[in-house]
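The values are calculated or read from the model by the stated rules, or taken from the named source; none is laboratory data. No experiment lies behind these values; they were computed from the predicted model shown. Don't worry about glycine lacking a Cβ; one is built from the backbone with ideal geometry, like all the others, and counts go over all protein chains shown. Protein only, heavy atoms only, side chains kept; ligands, DNA and RNA dropped before computing areas. Shrake-Rupley method; radii C 1.70, N 1.55, O 1.52, S 1.80 Å.
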Amino acid sequence: SALKGGVDSIEISNLSANNINTIFNEVMLDIIHVYIDINTKEPKTTIDTFHQYCIKKNIDTHNLRGGFLYDPIGNVAFSGNWFKDQNKDFSAISEVLLAASNFNTFSILTINADTYCNGGANIDTQIAFALAHANEYLNLFKDDLVLLEKIIQKTEFIFGIGTSYFIEIAKLRAFKSLWSTIISEYTAIKDIETRIHAINANLYYSNKDMYNNLLRATTSAMSAVIGGCHSLSILPFNYNTSDDNKFGQRISKNIQLLLQEESNLNQVKDSSKGSYYVEKLISIIKKKSWDMFLSIEKTGGFITALKNGDIQNQINEELDKKLNDLKEDKRTMIGVNKFINQNDECPGEAELKNRSENVIIEPIPQIRLSAIYE
């Protein structure tokens with residue numbers, strides 16, 4: 001349904017031998033990008049299932065485009081748990097690389113940095129945490145140059161995009177620059193492309209006057225594209241309601257098509273380059289992010305900071321500041337603290353409350369995911 005509606009990239013979760021034939025029925029994998037979530041206790045099994053399907057259907061896996069989504073550290077940050085345990089999850093990375101060797105152009109590790117944006121972190125904090133998060137994987141393979149270079153070449157990042165238009169443009173460009181700096185410390189390979197998937201942050205969606213979310217989604221999407229993302233997802237404007245959001249999905253897809261087909265944003269490479277304002281923002285963001293990254297590394301690295309609760313405390317402090325600024329009208333959110341429609345009910349409020357109460361946060365305290373409108 002999504003492909004018929006105009007998208008050219010899909011993400012599949014819960015793929016198995018029992019459903020793979022149904023899922024990919026009439027799907028032309030050779031002309032789209034397909035991403036398969038393997039964030040499970042047995043990631044290799046999912047890869048093998050997909051590989052066997054491709055062999056059965058005479059699909060050339062060497063030319064397929066997309067990736068396998070695997071990020072055990074990201075799972076700890078989001079849920080507080082490893083899939084099995086730290087050593088087994090890290091050992092699985094080598095198994096995943098070997099199992100995916102027939103998928104030449106696929107990414108293997110996908111760093112879920114959108115968790116930090118949706119948790120409420122500031123721009124520089126998001127970048128610093130994404131760098132430290134990814135650097136843990138590089139440190140893991142620093143003594144095996146062959147595996148290390150494969151990891152570097154097959155890593156993709158997912159970033160949440162907020163509504164601060166120019167700052168979000170600068171965020172992606174600043175991150176790319178800093179990630180290149182880190183890569184250069186591990187390998188002499190030049191011109192390694194930093195692949196980024198962008199998704200607008202649910203943190204900035206409101207359940208009241210929710211049509212304003214269309215504007216928030218559009219500006220976020222423009223920031224992501226101009227900032228240099230390689231792929232883009234837009235959440236439906238009614239994403240957090242309990243209602244059927246097929247209409248919201250169609251509108252979100254149409255926003256992307258408008259930016260591509262009518263605004264031609266995909267026809268210009270690095271359109272913000274040379275803008276004094278954006279370049280100044282990049283310089284400021286890079287310095288603050290790099291200082292924070294170095295601070296994390298000096299205290300033992302990202303996983304140590306997660307176990308100590310330092311990451312969670314930093315994000316929660318910054319989220320609380322954002323929420324307080326809304327209450328005191330230092331930040332404006334249309335329909336939430338400005339131009340409020342008193343007759344507008346907030347659908348799905350009970351479901352959201354129950355969902356947040358049922359979160360498991362052991363054994364490592366997870367990052368608190370919360371939306372401003374709550």
key: Odd one out for Gln52, checked against (1) assigned to a helix (DSSP H, G or I); (2) within 24 Å of Ala130 (Cα to Cα); (3) without any contact (Cβ under 8 Å) to a residue 40 or more places away in the chain   = (2)
Scan of the stretch 308-347 for residues that are surrounded by 14 or more Cβ atoms within 10 Å (Cβ to Cβ) and more than 30 Å from Ser79 (Cβ to Cβ), ordered by number = Ile334, Gly335, Asn337
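Does Ile127 count as surrounded by 23 or more Cβ atoms within 10 Å (Cβ to Cβ), modelled with pLDDT under 95 and within 20 Å of the chain's Cα centre (by Cα)? Lay out the reasoning, then the answer.
Details: surrounded by 23 or more Cβ atoms within 10 Å (Cβ to Cβ): yes; modelled with pLDDT under 95: no; within 20 Å of the chain's Cα centre (by Cα): yes.
Taking the combined requirement at face value, the residue does not satisfy it.
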key: Test: residue in the stretch 210-221 that is under 19 Å from Ala130 (Cβ atoms), modelled with pLDDT of 95 or more and not hydrophobic (A, V, I, L, M, F, W, C)   = yes
remark   = Across (1) in a loop (DSSP other than H, G, I, E, B); (2) open to solvent by less than 10 Å² (accessible area, probe 1.4 Å); (3) within 17 Å of Phe293 (Cα to Cα); (4) not small (Gly, Ala, Ser), Leu172 clears everything bar (1)
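Can you tell me how many residues in the stretch 129-157 are under 17 Å from Ala174 (Cα atoms) and in contact with a helix residue (DSSP H, G or I) (Cβ under 9 Å, 6 or more places away or on another chain)?
Taking the stretch 129-157 first, the residues under 17 Å from Ala174 (Cα atoms) are 129-135, 156-157.
Going one step further and asking which of them are in contact with a helix residue (DSSP H, G or I) (Cβ under 9 Å, 6 or more places away or on another chain), we end up with 129-135, 157.
Of the residues in the stretch 129-157, 8 are under 17 Å from Ala174 (Cα atoms) and in contact with a helix residue (DSSP H, G or I) (Cβ under 9 Å, 6 or more places away or on another chain).
Which one is farthest from Tyr35 (Cα to Cα) among residues in the stretch 63-119 that are outside any helix (DSSP H, G or I) and acidic (Asp, Glu)? Lay out the reasoning, then the answer.
First, pick out the residues of the stretch 63-119 that are outside any helix (DSSP H, G or I): 64-71, 80-85, 100-113.
Then drop every residue that is not acidic (Asp, Glu), which leaves 71, 85.
Numbers: Asp71: 14, Asp85: 25 Å.
In this case the residue turns out to be Asp85.
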note = When the stretch 186-224 is checked residue by residue, the ones that are in contact with a helix residue (DSSP H, G or I) (Cβ under 9 Å, 6 or more places away or on another chain), within 30 Å of Lys150 (Cβ to Cβ) and not hydrophobic (A, V, I, L, M, F, W, C) are Tyr186, Thr187, Lys190, Glu193, Thr194, His197
query = Given (1) surrounded by 14 or more Cβ atoms within 10 Å (Cβ to Cβ); (2) more than 20 Å from Ser233 (Cα to Cα), where does Arg65 come up short, assuming only one miss?
reply = (2)
task = Determine which member of the set Leu215, Leu203 is under 27 Å from Gln126 (Cα atoms), part of a helix (DSSP H, G or I) and open to solvent by 60 Å² or more (accessible area, probe 1.4 Å).
result = Leu215
task = Please state which one of Ile31, Ile36, Ile47 is open to solvent by 10 Å² or more (accessible area, probe 1.4 Å), on the phi < 0 side of the Ramachandran plot and of a type outside the set (Lys, Arg).
result = Ile31
